[in-house]
Amino acid sequence: MSVAPQPLDAAPRQPAAPGHRAGLQLRAAGIVFVKECRESLRDRRTLLNALLIGPLLGPVLLVFLLRLTITHQLAQANRPLPVTIIGAGNAPNLVAALQRAGLQVLPPVPDVEAAVRSQQLDLALRIPAGFAAAWRAGRPAQVEIIFDSSRRDTGPALQRLRAMLDRYSRVTAAMRLMTRGLAPTLSLPVVVAERDQATPQARGALLFAMLPYFLILTALIGGMWLAIDTTAGERERASLEPLLINPVPRDRILAGKLLATATFSLASLCLGLIAFMVAGAFLPANQLGLSFSLSPRIVGAILPVMAPLVLLLATLQILVTAFAHSVREAQTYLGLVQLVPVIPSVVLGLMPLKAQLWMFAVPLLGQQLTVMQLLRGEAISLPEAALCALVTLALAGVVFLGARRNYASERLAITA
Amino acid sequence: MISAQDLHKSFGVTRAVAGVSFEARDGEITGLLGANGAGKTTTLRMLYTLMQPDSGRILVDGLDARGEPLAVRRRLGVLPDARGLYRRLTARENIAYYAALQGLDARSAQARIELLLQTLAMQDIADRRTEGFSHGERLKTALARALVHDPGNVLLDEPTNGLDVMSTRALRDFLRRLRSEGRCVLFSTHVMQEVAALCDRVVIIARGRVVADGTPDALRERAGEQSLEEAFMKLIGGAALEELA
């Protein structure tokens, strides 16, 4: 380095009057916030995670998976059902009826039981030689389905075949009753009518049970690199010690970093919701009689429900990363944190509990339930939503105090 | 003006600083000389209020560091051992961040930053991101941000570490300029020539204690040696060798 000969200053300027610095304490968090945001906006890794991967991960995954299952199911239902038939000549009328229903006759094989057992065949139908005689005598005529119940993938084919045979049997029974002058309804003592009360929207919500989890994950990913960079990263790059020598209480610095993390999380969440809105259009949901629309009104309701949770998660991330000495260590810790929001999803999945008041007092679970209600097109009750928000905010406060305590420790700044 | 009075600091069973007292006066350069691990950095960290001494008192311009740490920090310009910069910010933005945290309003911050950029001859790198800066460029930026609030007291932890000869000379000139402006300059070093070339007063630390305190001439005289290095070795006794063992 070289130093030019200009005078630095006539005399040291002693600190300005206190009035000059009034409000600094409140401003300090804002200064840190602005700097962290500015720096992060220049970081490709942070941007990629917060603005691209986080918001797109959920919608893309969801659309991809749903398209896959829906198209698979639709294709299954319309495809001809190939079945090996032994003794097709014993009941030509039955075989013709089955063919009309979509069955495709495969030629017989010598040892059909062995073929099914060795999984060469999925399914076979045997029509015994005595079929025609029993049919004509009016006795129950037997057919055999040869299948392997331990193979789950043949389940749908088996059901289709059973339904075909059942329908043929019922039609024949009705015709026999009619030819004898009896009402065909005699053979139907009980009929069951199913009246599903789920609205198309609610059925769609079932489909989107994963949405709250994806939203939470999006928020976590959005804040992740900021949390790491501003705490463990600052420590690793040895810029924390000089920062803490500034005349600013440490909790203001921490608050600025927390605000920046929460802001990026929230931005991620907003983008994620928009992505979900767009993704809804790409779903073949209508073909299944479902409706899923993330209307701006619902999104507008989801945001305030999720906002306290975003703050809590950001605080948690800051707390955890502030413990880490290096970026790598922080990454490991945050990986574990990302597993936490899975818990309520799994609990709700395993035990489909009816929503009760106490559940809204559990952060994560409460938001998950509320978002589900919104998606089902139900009105959320204000006391429950308020309880959920308050408990979450209170917990965020507690976690912040923990992070603050950690930040106040003397060891924090000393990189080692 | 900085006054350290009987400072003690332990980490677990390790007694890093065990009774350090000295004064660093305005308009003088004071050198804190000691071998590695003698307690220089810990002493400085207590002076710039990053750490609390277990016992003892620190006064900066008459303000008690324990009672008024924020007021004390405003009077200190510190170049700590850790001098990491924000890589994605330019040199100017790095300095401006500290100016804002020091509470400078935008206009006086800008004027002050211009002056420092000029004095440290870093106008050409001012608007470059600090990623990829040379050692000297990083040091200049760290110095500028440490002095952005025009502090009366300047603390530097081993400032010439890793600098080439030219940069070292320039830094010495800069420290002399700070002295001529009436500031209290205190820096730590383990390099003898540094002390001989710069200091008005030398405080020699060994094993957490002050073993000698005076002008370089007085120390040479006291030890009865011609070179400061010999005097240093004599004054700290076998301490340095024990540290190595």
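So which of B:GLY77, B:GLY84, B:GLY37 is in a loop (DSSP other than H, G, I, E, B), within 10 Å of chain A (Cβ to nearest Cβ) and either closer than 26 Å to A:ARG27 by Cα or within 17 Å of the chain's Cα centre (by Cα) (or both)? So that I can check it myself, show each step before the final result.
Numbers: B:GLY77 fails: in a loop (DSSP other than H, G, I, E, B); B:GLY37 fails: within 10 Å of chain A (Cβ to nearest Cβ).
When all the criteria are applied, what remains is B:GLY84.
Going by the conditions given, is B:LEU79 touching a strand residue (DSSP E or B) at 6+ places or on another chain (Cβ under 7 Å) and surrounded by 19 or more Cβ atoms within 10 Å (Cβ to Cβ)? First the steps, then the outcome.
Numbers: touching a strand residue (DSSP E or B) at 6+ places or on another chain (Cβ under 7 Å): yes; surrounded by 19 or more Cβ atoms within 10 Å (Cβ to Cβ): yes.
The answer is yes for B:LEU79.
Inspect all residues belonging to the range A:46-56 and state whether any of them is within 14 Å of chain B (Cβ to nearest Cβ) and in a helix (DSSP H, G or I).
Just the residues of the range A:46-56 that are within 14 Å of chain B (Cβ to nearest Cβ), to begin with: A:46-47.
Among the residues that remain, those that are also in a helix (DSSP H, G or I) are: A:46-47.
Checked the range A:46-56: at least one residue is within 14 Å of chain B (Cβ to nearest Cβ) and in a helix (DSSP H, G or I).
Out of the range B:54-64, which residues are in contact with a Leu (Cβ under 7 Å, 6 or more places away or on another chain) and surrounded by fewer than 24 Cβ atoms within 10 Å (Cβ to Cβ)? Reasoning before the result, please.
Start the filter on the range B:54-64 by keeping residues that are in contact with a Leu (Cβ under 7 Å, 6 or more places away or on another chain), which leaves B:56, B:58, B:60.
B:GLY56, B:ILE58 - these are the residues of the range B:54-64 that are in contact with a Leu (Cβ under 7 Å, 6 or more places away or on another chain) and surrounded by fewer than 24 Cβ atoms within 10 Å (Cβ to Cβ).
Looking only at the range B:128-148, count how many residues are part of a loop (DSSP other than H, G, I, E, B) and either under 16 Å from the mean Cα position of the chain (by Cα) or among the polar types (S, T, N, Q) (or both).
At the first step, the residues of the range B:128-148 found to be part of a loop (DSSP other than H, G, I, E, B) are B:128, B:130-134, B:147-148.
Still in the list and also either under 16 Å from the mean Cα position of the chain (by Cα) or among the polar types (S, T, N, Q) (or both): B:130, B:134, B:147-148.
So the answer is 4.
Within the range B:64-74, work out how many residues are in contact (Cβ under 8 Å) with a residue 12 or more places away in the chain and at the interface with chain A (Cβ under 10 Å from one of its Cβ atoms).
Taking the range B:64-74 as the starting set, the residues that turn out to be in contact (Cβ under 8 Å) with a residue 12 or more places away in the chain are B:65-66, B:69, B:72-74.
Now restrict to residues that are at the interface with chain A (Cβ under 10 Å from one of its Cβ atoms): B:69, B:72-74.
Residues flagged as in contact (Cβ under 8 Å) with a residue 12 or more places away in the chain and at the interface with chain A (Cβ under 10 Å from one of its Cβ atoms) within the range B:64-74 amount to 4.
Among the listed residues B:ASN161, B:ASN153, identify the single one that is touching a Cys at 6+ places or on another chain (Cβ under 6 Å) and not hydrophobic (A, V, I, L, M, F, W, C). Talk me through it step by step, then tell me what you get.
On the way: B:ASN161 fails: touching a Cys at 6+ places or on another chain (Cβ under 6 Å).
Sole residue among the options that is touching a Cys at 6+ places or on another chain (Cβ under 6 Å) and not hydrophobic (A, V, I, L, M, F, W, C): B:ASN153.
For the subset of the range A:106-129 comprising residues that are free of Cβ contacts under 8 Å to residues at least 12 places away in the same chain and part of a loop (DSSP other than H, G, I, E, B), which member is surrounded by the fewest Cβ atoms within 10 Å (Cβ to Cβ)?
Result: A:PRO110.
Which one of B:LEU50, B:LEU59, B:LEU33, B:LEU70 is in the same structural domain as B:PHE187 (by TED's automatic domain parsing) and at pLDDT 95 or above? Even if it seems obvious, please write down each step before you answer.
On the way: B:LEU50 fails: at pLDDT 95 or above; B:LEU33 fails: at pLDDT 95 or above; B:LEU70 fails: at pLDDT 95 or above.
Being in the same structural domain as B:PHE187 (by TED's automatic domain parsing) and at pLDDT 95 or above holds for just one of B:LEU50, B:LEU59, B:LEU33, B:LEU70, which is B:LEU59.
If you check A:VAL60 against the conditions, is it surrounded by 20 or more Cβ atoms within 10 Å (Cβ to Cβ) and more than 14 Å from every other protein chain (Cβ to nearest Cβ)?
no
On the given criteria, is B:GLU131 at pLDDT below 90 and either away from chain A (no Cβ under 14 Å) or under 30 Å from B:SER108 (Cβ atoms) (or both)?
So B:GLU131 does not fit the description; no.
Of everything in the range A:146-167 that's assigned to a helix (DSSP H, G or I) and among the polar types (S, T, N, Q), which residue is surrounded by the fewest Cβ atoms within 10 Å (Cβ to Cβ)?
A:GLN159
Out of B:ARG220, B:ARG207, I need the residue that is buried (at least 17 other Cβ atoms within 10 Å of the Cβ) and at positive phi. Which one?
Values: B:ARG220 fails: at positive phi.
Unique residue meeting the criteria: B:ARG207.
Find the residue count for the range B:150-185, including only residues that are touching a Phe, Trp or Tyr at 6+ places or on another chain (Cβ under 9 Å) and not in a helix (DSSP H, G or I). Please lay out each step first, then the result.
Applying the first criterion (touching a Phe, Trp or Tyr at 6+ places or on another chain (Cβ under 9 Å)) to the range B:150-185 yields B:154-160, B:175.
Retained after the next criterion (residues that are not in a helix (DSSP H, G or I)): B:154-160.
Here the count works out to 7.
Here are some residues: A:ILE414, A:ILE380. Which one is surrounded by fewer than 21 Cβ atoms within 10 Å (Cβ to Cβ), in contact with a helix residue (DSSP H, G or I) (Cβ under 8 Å, 6 or more places away or on another chain) and more than 14 Å from chain B (Cβ to nearest Cβ)? Show your work before the answer.
Working: A:ILE414 fails: more than 14 Å from chain B (Cβ to nearest Cβ).
It is A:ILE380.
Can you tell me which of B:LEU155, B:LEU104, B:LEU117 is buried (at least 19 other Cβ atoms within 10 Å of the Cβ) and either more than 20 Å from B:ARG75 (Cα to Cα) or more than 10 Å from chain A (Cβ to nearest Cβ) (or both)?
When all the criteria are applied, what remains is B:LEU117.
May I ask you to list pairs of residues, at least six apart or on different chains, whose Cβ atoms are under 6 Å apart, with the first in the range A:372-394 being of a type in the set (Lys, Arg) and the second being surrounded by fewer than 19 Cβ atoms within 10 Å (Cβ to Cβ)?
A:ARG376/A:ALA202
Go through (1) buried (at least 24 other Cβ atoms within 10 Å of the Cβ); (2) in contact with a Leu (Cβ under 7 Å, 6 or more places away or on another chain); (3) within 14 Å of another protein chain (Cβ to nearest Cβ); (4) not hydrophobic (A, V, I, L, M, F, W, C) one by one and return the number of the condition A:ASP229 breaks.
Looking at each condition in turn, A:ASP229 falls short on (2).
The values are calculated or read from the model by the stated rules, or taken from the named source; none is laboratory data. Here the structure is a predicted model, which means the values were calculated and not measured. With ideal geometry, Cβ positions are generated from the backbone for all residues, glycine too; neighbour counts draw on all protein chains shown.
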